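Each reported figure results from applying straightforward, stated rules to the coordinates on display, with no laboratory input. Computed from a predicted model, the values in this text were never measured in an experiment. Because the Cβ atoms are built from the backbone with ideal geometry, glycine has one as well, and the counts that use them run over all protein chains shown.
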Amino acid sequence: MSELNKIALKIISNGKGILAADESNGTMSKRLEAVNVTSTPENRLLFRETLFSSESMKECIGGVILYDETINQMTSSGKSIPDLISISGALPGIKVDTGAKELANSSEEKITEGLDGLRDRLKKYYELGARFTKWRGVYLISEKYPSKLAISSNAHALARYSALVQESGMVPIVEPEVLMDGDHSADACFSKTSEVIKKCFEELTLHKIDLSGIILKPNMIINGKNSKNKISNEEISQKTIECLKNSVPTEVPGVAFLSGGQSELEATENLNLINKNNNTNFIMTYSYGRALQQSALKMWSKNIKDIEATQKTFNHRAKMCTLAAQGKWASELENE
Ligand code: 13P
């Protein structure tokens with residue numbers, strides 16, 4: 001077993017999942033302002049520190065993805081944030097892309113940037129305690145999108161990123177996110193997602209990536225947010241498994257889904273069914289941002305000093321997701 005494979009398995013085994021707390025300051029400000037909390041470095045730290053010191057971190061969370069500001073912050077008790085995370089047994093991770101920008105010659109689409117100077121930034125993050133990283137490519141669905149250009153250029157960037165990350169001794173999370181925005185069918189999501197993921201693996205292979213030392217972070221196969229033809233949770237789980245079975249090489253140890261705009265309950269129920277129906281060798285778990293933090297953020301905003309109430313809400317959500325990652329969730333458990 002390679003060292004990278006061991007790290008990947010440590011993050012996603014035994015029902016553990018990933019807390020994606022790597023919102024950029026811009027995104028985090030929107031989230032905080034939506035619940036009437038001023039977005040200051042102190043408030044961003046307070047919310048995150050509250051989550052990272054929750055009880056459920058020990059049994060549920062295998063890794064936390066941080067943003068550059070957070071990985072450099074100190075907690076109120078003088079510990080570094082990576083140390084706080086490590087104490088619970090989880091691994092600290094870091095988002096290293098610098099965002100999705102307009103793609104030249106296809107201006108409605110995006111290309112993710114951040115390769116310049118990446119090798120040096122990775123060294124710094126490793127020294128700060130990071131053992132895994134994230135890079136997100138985003139793809140729109142419509143009749144003509146994603147274009148071959150967007151599929152190919154984002155896959156190339158994901159592969160160059162992965163090579164540098166593995167060289168630095170960390171596990172890359174490879175995140176090609178086909179967005180839920182739009183009125184497309186689940187079948188369109190299936191075919192576009194399959195094409196996107198296959199191209200990513202073609203590039204990862206070309207760049208000699210150790211596939212046993214990555215974690216894939218895809219979207220589930222789901223109809224567009226505005227589609228009139230909503231498919232059932234059971235169909236979502238079956239189509240998602242089929243898509244991954246056909247497009248992901250078997251060396252990959254696991255898949256950690258993004259929530260992508262699904263509600264907390266939808267993301268939990270779909271993950272649970274995916275695990276009940278999972279007939280692949282891939283571990284299937286979560287790497288949720290909104291679907292792990294939404295209720296906790298709402299609770300926190302009522303009184304940002306009430307750490308206990310926020311942690312209780314977060315603990316419940318994390319526990320539900322971890323049950324779903326083992327196919328052991330049931331809706332009745334939500335009310336316990
Ligand atoms: P969501 O689960 O809120 O989609 O966030 C996951 C993520 O990390 C997106 O890059």
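Please give the peptides 289-298, 82-91 ranked by average Cβ packing (other Cβ atoms within 10 Å per residue), highest first, as a rough proxy for protection.
289-298, 82-91
Multiplying the sequence separation of Ser295 and Lys79 by 0.36 nm and subtracting their Cα-Cα distance, what value in nm do you get? All intermediate terms of the calculation are to be shown ahead of the outcome.
Values: separation 216, 0.36 × 216 = 77.76 nm, distance 2.65 nm.
This chain segment gains 75.1 nm when fully extended.
Rounded, prolate or oblate: which fits the chain, taking a ≥ b ≥ c as square roots of the Cα gyration tensor eigenvalues, rounded meaning a/c under 1.5, else prolate when a/b beats b/c?
Note, shape of the chain comes out rounded.
Do any of Lys217/Lys328; Lys6/Lys298; Lys192/Lys328; Lys124/Lys208 go past 26 Å between their Cα atoms, and which?
Lys6/Lys298; Lys192/Lys328
Among Tyr125, Tyr286, Tyr67, which comes first, then next, by fewest other beta-carbon atoms within 10 Å? The partial results should precede the final answer.
Numbers: Tyr125 26, Tyr286 31, Tyr67 19.
In order of increasing Cβ crowding within 10 Å: Tyr67, Tyr125, Tyr286.
Classify the stretch 199-331 as rounded, prolate or oblate, taking a ≥ b ≥ c as the square roots of the eigenvalues of its Cα gyration tensor: rounded when a/c is under 1.5, otherwise prolate if a/b is larger than b/c and oblate if not.
Numbers: a/c = 2.03, a/b = 1.60, b/c = 1.27.
Prolate is the answer for the stretch 199-331, as a/c is 1.5 or above and a/b outweighs b/c.
I want to verify a result. In a Gaussian network model of the chain, Cα cutoff 10 Å, which of these has the top mean-square fluctuation: Asn154, Asn270, Asn303?
Asn303
Can you compute the label reach from Glu3? Point 7 Å from Cα along the Cβ direction, backbone N cut-off under 18 Å, restricted to the stretch 172-201.
Label zone hits: 172-173.
Using R₀ = 30 Å, calculate the FRET efficiency as 1/(1 + (r/R₀)^6) where r is the Cβ-Cβ separation of Glu235 and Ala34; round to 0.05.
FRET efficiency, Glu235 to Ala34: 0.45.
From the backbone phi of the stretch 101-115, what are the Karplus-calculated ³J(HN,Hα) couplings (6.51 cos²θ - 1.76 cosθ + 1.60, θ = phi - 60°) in whole Hz, Gly and Pro given as x?
In residue order, the calculated couplings are 10, 4, 7, 4, 6, 7, 5, 7, 9, 10, 10, 7, 9, x, 6 Hz.
Using a Förster distance of 41 Å, how high is the FRET efficiency between Lys276 and Asp183, based on the Cβ-Cβ distance and rounded to 0.05?
Efficiency, rounded to the nearest 0.05: 0.90.
Figure the gain on full extension for Asn14 and Lys144 (residue separation times 0.36 nm, minus the Cα-Cα span) and round it to one decimal in nm.
My answer for the length gained is 42.7 nm.
Between Asp306 and Thr205, what is the FRET efficiency for a Förster distance of 45 Å, r being their Cβ-Cβ separation, to the nearest 0.05?
Values: r = 50 Å, r/R0 = 1.10.
That gives a FRET efficiency of 0.35.
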